[in-house]
Each structure stands twice: as structure tokens, then as C-alpha cells.
Amino acid sequence: MKLEHDHGGEGSRLLVLLHGLGATRHVWRGFLDTKRWNGSWIAPDLRGHGASGHASSYALGLHAADVAETIIGAGNFREIVVVGHSMGGVIALALASGWFGIQPKRAFGLGIKVAWTDDERTGMAKMATMPVKTFASKDEAIARYLKISGLAGFAAPDSPAALAGVVQ
């Protein structure tokens, strides 16, 4: 699946930044604004997030395949470093396996939950079958997005990061 993404920098080193469940590529904007990376970078919206398309399956392997396709389409890099938060961290570690046509030199997963209770798994399965949530106002939708993406208190409701998480 083609992923919408931001990219920048230059050089043969590529930094891939993967957001967590419910977030978008915009969560990395503050880091990118610091210009601490010396090389190229890509920050995609994972399938079903932000401006990327929705799909019938959200299996982690499919997310990893999507990201690998995006990386391969971006050019040839001598070094790939993948950093992911939460679900993005799991995808980063999957990419580190080499099973998806790229071989990152380094992969970092931050804030990964590795043990799920039966109740949590049941709750996630139930949530996956629920219809898309709608809100009475744009402000309500933004407040909910900021909460579930972990951006509450970090991104202003009128910021590009907040606005990227809601659609009309």
C-alpha cells in the first residue's frame, strides 16, 4: 500500500520515523525541527492513519511491508535507521528482521507493550469491528485525537499535528 509521507534531508543515511497506533507522521515534527539528524529522513502515515489509505487488514507484517515499500521507493541508502514509538516500534523491529526487502543497520522501538491480557486482546478485537467514530464538532474530534495519540499537552489543538489526526 502506498503510504503518504513527509521526507527531507539529504545523503545516503536514511532515518525512518514510525508513529504509534492512533497517531500520524506529524508526531515527529518537533524532533525534525531540531535538525539533529545528519542525512535523509522519511516519516510515513501508517495504513489507516492520517492521510494514508484504509485497508481490510492491519496486520503488523502488512504495516512493515508498506514501510519497506516506501523506503525502497525513496532511493538507495547505505545506512537505514528505523525508530518507532509503540506500534511503530514493533514495526521497526519487524523491519530489522530483514524479511521485508530492506536491512536496517539499527532499529529502535520505544514504548512497546509486549504482554497483553486476554481482556485486552478481546477489547482490541471488539474495537476493530466498531464503526468509525464521529463527533458533534471539530473541537471534540481534535480533543479525542490528541488524547489517543498521546499528544495531549504536547500539541496545541490548532497545530498541524492535531489537525492531521481528524477528517471531515
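Separation of segment 16-49 and segment 115-150, taken as the distance between their Cα centroids, equals 21 angstrom. Annotation: amide H-H contacts under 5 Å for G39 (H modelled 1.01 Å from N, sequence separation of 5 or more, or interchain): E10. Can you pull out the chymotrypsin sites (Phe, Trp or Tyr not before Pro) in segment 102-153 whose DSSP state is coil and whose Cβ has at most 11 other Cβ atoms within 10 Å? Taking segment 102-153 and a limit of 11 other Cβ atoms within 10 Å, the loop chymotrypsin sites (Phe, Trp or Tyr not before Pro) found are W116.
Karplus-derived 3J(HN,Hα) values for segment 74-87, using 6.51 cos²θ - 1.76 cosθ + 1.60 with θ = phi - 60°, are 7, x, 9, 10, 7, 9, 10, 10, 10, 10, x, 9, 6, 4 Hz; glycine and proline are entered as x.
Across segment 152-168, rounded Karplus estimates of 3J(HN,Hα) from the backbone phi angles (6.51 cos²θ - 1.76 cosθ + 1.60, θ = phi - 60°) give 4, x, 10, 10, 5, x, 9, 7, x, 5, 6, 5, 5, x, 10, 10, 9 Hz, Gly and Pro being marked x. If R0 equals 45 Å, the separation of the Cβ atoms of S12 and V167 corresponds to a calculated FRET efficiency of about 0.80. The H on the amide N of F108, modeled in the peptide plane, is under 5 Å from the matching H of V82, V83, G84, each at least 5 residues off or on a different chain. Of the trypsin sites (Lys or Arg not before Pro) found in segment 6-101, the ones in coil according to DSSP and having at most 12 other Cβ atoms within 10 Å of their Cβ are K35, R36, R78. Angle of helix 118-128 to the longest C-alpha principal axis of the chain, folded into 0 to 90 degrees and rounded to 10: 90°. Would you work out what percent of the accessible area of segment 75-164, with all protein chains in place, is carbon or sulfur (probe 1.4 Å)? That fraction is 61 percent.
About its Cα centre, the chain has a charge dipole of approximately 240 debye under the convention of +1 per Lys or Arg Cβ and -1 per Asp or Glu Cβ, with nothing else charged.
The values are calculated or read from the model by the stated rules, or taken from the named source; none is laboratory data. Treat the numbers as computed from the prediction; the structure is a model and nothing was measured. FYI the Cβ positions are ideal-geometry reconstructions off the backbone, even for glycines, and counts take in every protein chain you see. Protein only, heavy atoms only, side chains kept; ligands, DNA and RNA dropped before computing areas. Shrake-Rupley method; radii C 1.70, N 1.55, O 1.52, S 1.80 Å.
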